[in-house]
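J.: I'd like to ask you about the structure that follows.
The values are calculated or read from the model by the stated rules, or taken from the named source; none is laboratory data. Nothing here was measured: the structure is a model prediction, and the numbers come from that model. Reconstructed Cβ throughout: ideal geometry from the backbone, glycine too, with neighbour counts over all protein chains shown. To get the accessible areas, we keep the full protein, side chains included, count just its heavy atoms, and leave off ligands, DNA and RNA. Shrake-Rupley method; radii C 1.70, N 1.55, O 1.52, S 1.80 Å.
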Amino acid sequence: MNKLVESADAAVADIRDGATLMVGGFGLCGNPENLIQALHRKRVKDLVLISNNCGTTELGLGVLLQARQIRKIVASYVGENKEFERQFLHGELEVELIPQGTLAERLRAGGSGIPAFFTPAGVGTQVADGGMPWRYDGDGGIALASPAKETREFDGRDYVLERGIVTDFALVRASVGDRHGNLVFDRSTRNFNPLVATAGRITIAEVEHLVEPGEIDPQNVHTPGVFVQRVVALTPEQAADKRIERRTITKEA
C-alpha cells in the first residue's frame, strides 16, 4: 500500500512517446508543476494531452508546448498562451476544443466507467455538426476537422452524444495526501484535479503536505487511494511555489 516514490522523475519514468496524458489544474492553479517539469527533462514527445487549459507561454503545460513535446491538446480554454495560438494556426498542433462543462463530464464519465452520455451543450453548433478545425495546414486552410456526432431527441429536446475520456496516465497536485494515495484538494484546485485523478489508468499525484495513513478524516478525502498509483512528496519550497495567471487586488480606499 506504500505508493510513495522518491522523485517526480522516477514517477514519470515509464511515460513514453505518444502517451495519452490527463493533467489537473485550473489555469495555473493546482497544476502539477513538478511532474510537468520532470516530463520536460525526460524529453518525451508526441504527447496527447487532456487538460482544462495549456498554461501560459512559460508556465504549466506551456513548458511542454514550448519544447514541442505535445502533438495534440484536448482543452476548453487556451487564451493565455500565445505560443499555443502560433502552433495551432501554423499547423504544428492538433487542438480539440470542448465546452468546459462537457469536458468535466467526459472526465467524470471516464473515471466512473461510463463510455458515453448525451448532453444539450453544443447542439446546433460545430461541436455537434462537425467541421470545427482540429488542425490547420499552415496556409490558412483546414487539414483536419471534427466529425459530426450522433444526436438524439429526448422529451422534445435534442442532445449530442459525448464519449467518456480515459488516458494512459493522469497527473494531479493535491494539498494533502498520504502514502496510500488518499488525496485532499484545496479551494480552486478541486475544479479538475479530482476528476482527472479518477480517469487515468495510472494516476500520479504530487502532494504538498504528506501525512500518515489515518490522519485524513475519511469524510474529507476527495480522491480515495484506490484511484492513485504513485505519490510524490514535495519539498517545502516546491509546495510553496504556487502560480496564477493574473493577480488582481482591490486598491485601498
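J.: Ranked from the most accessible area to the least, with a 1.4 Å probe and all protein chains present, what is the order of 54, 29?
T.: Ranked list, largest accessible area first: 29, 54.
J.: Right, here's the next one. Return the whole-Å distance between the Cα centroid of segment 159-235 and the Cα centroid of segment 88-155.
T.: Segment 159-235 and segment 88-155 have Cα centres separated by 26 Å.
J.: Add -39500 (n - 2.57) for each DSSP H run of 4 or more in the chain, then divide by its residues: what number comes out at 222 nm, to the nearest 500 deg cm²/dmol? Intermediate results must be reported in sequence, preceding the final value.
T.: Values: 8 runs with 55 residues, N = 253.
Computed mean residue ellipticity for the chain: -5500 deg cm²/dmol.
J.: Would you tell me the accessible area of residue 40, worked out with a 1.4 angstrom probe on the heavy atoms of the protein chains, in Å² to the nearest 10?
T.: 40
J.: Assuming R0 = 30 Å, what is the FRET efficiency of residue 1 and residue 37, from their Cβ-Cβ distance, to the nearest 0.05?
T.: FRET efficiency, residue 1 to residue 37: 0.60.
J.: Using the Cα centre of segment 55-204 as origin and beta-carbon charges of +1 (Lys, Arg) and -1 (Asp, Glu), tell me which of 116, 198, 132 is placed farthest towards the positive end of the dipole.
T.: 198
J.: Same structure again: Using r as the Cβ-Cβ distance of residue 250 and residue 126, and R0 as 41 Å, what FRET efficiency do you calculate, to the nearest 0.05?
T.: 0.55
J.: Apply the a/c threshold of 1.5 to the C-alpha gyration tensor of segment 112-196 and tell me whether it is rounded, prolate or oblate.
T.: It is oblate, given that a/c is not under 1.5 and a/b is not larger than b/c.
J.: Of all the accessible heavy-atom surface of the chain, with the other protein chains kept in place and a 1.4 Å probe, what percent is carbon and sulfur? Write down the numbers at each step before the final one.
T.: Details: 6090 of 12510 Å².
It is 49 percent, rounded to a whole number.
J.: Got a sec? Which residues in segment 125-169 would a label at residue 76 touch, if it sits 7 Å along Cα→Cβ and we count backbone N under 16 Å?
T.: Residues 162-165 fall inside that zone.
J.: With every protein chain in place, what's the accessible area of residue 17 (1.4 Å probe, Å², nearest 10)?
T.: In the full protein context, residue 17 sits at about 80 Å².
J.: With r as the distance between the Cβ atoms of residue 158 and residue 137 and R0 = 25 Å, compute the FRET efficiency 1/(1 + (r/R0)^6) and round to 0.05.
T.: About 0.15, to the nearest 0.05.
J.: Still on this structure: Would you work out the charge dipole size for segment 171-253 about its Cα centre, treating the Cβ of every Lys and Arg as +1 and the Cβ of every Asp and Glu as -1, and quote it to the nearest 20 debye?
T.: It works out to roughly 440 debye.
J.: I'd like the antiparallel share, as a percent to the nearest 5, of DSSP beta bridges with both residues in the chain. Let's see the in-between values first.
T.: Numbers: 15 of 46 bridges.
Percent antiparallel among DSSP bridges in the chain is about 35.
J.: Summing +1 for each Lys or Arg and -1 for each Asp or Glu, what net charge is found among the other residues whose Cβ lies under 13 Å from the Cβ of residue 211?
T.: -4
J.: Could you work out how much longer the chain between residue 242 and residue 14 gets when fully extended? Use 0.36 nm per residue separation minus the Cα distance between them, nm to one decimal.
T.: Details: separation 228, 0.36 × 228 = 82.08 nm, distance 2.66 nm.
Extending this stretch completely gives an extra 79.4 nm.
J.: Quick check for me: using +1 on Lys/Arg Cβ and -1 on Asp/Glu Cβ, what's the dipole size of the chain about its Cα centre, in debye to the nearest 20?
T.: Once rounded to the nearest 20, the dipole reads 160 debye.
J.: Set the bar at 28 Å for Cα to Cα. Now go through 42/149; 45/242; 149/242; 42/82; 3/82; 3/72 and name every pair that lies beyond it.
T.: On the way: 42/149 37 Å; 45/242 26 Å; 149/242 39 Å; 42/82 24 Å; 3/82 38 Å; 3/72 30 Å.
Those over the limit are 42/149; 149/242; 3/82; 3/72.
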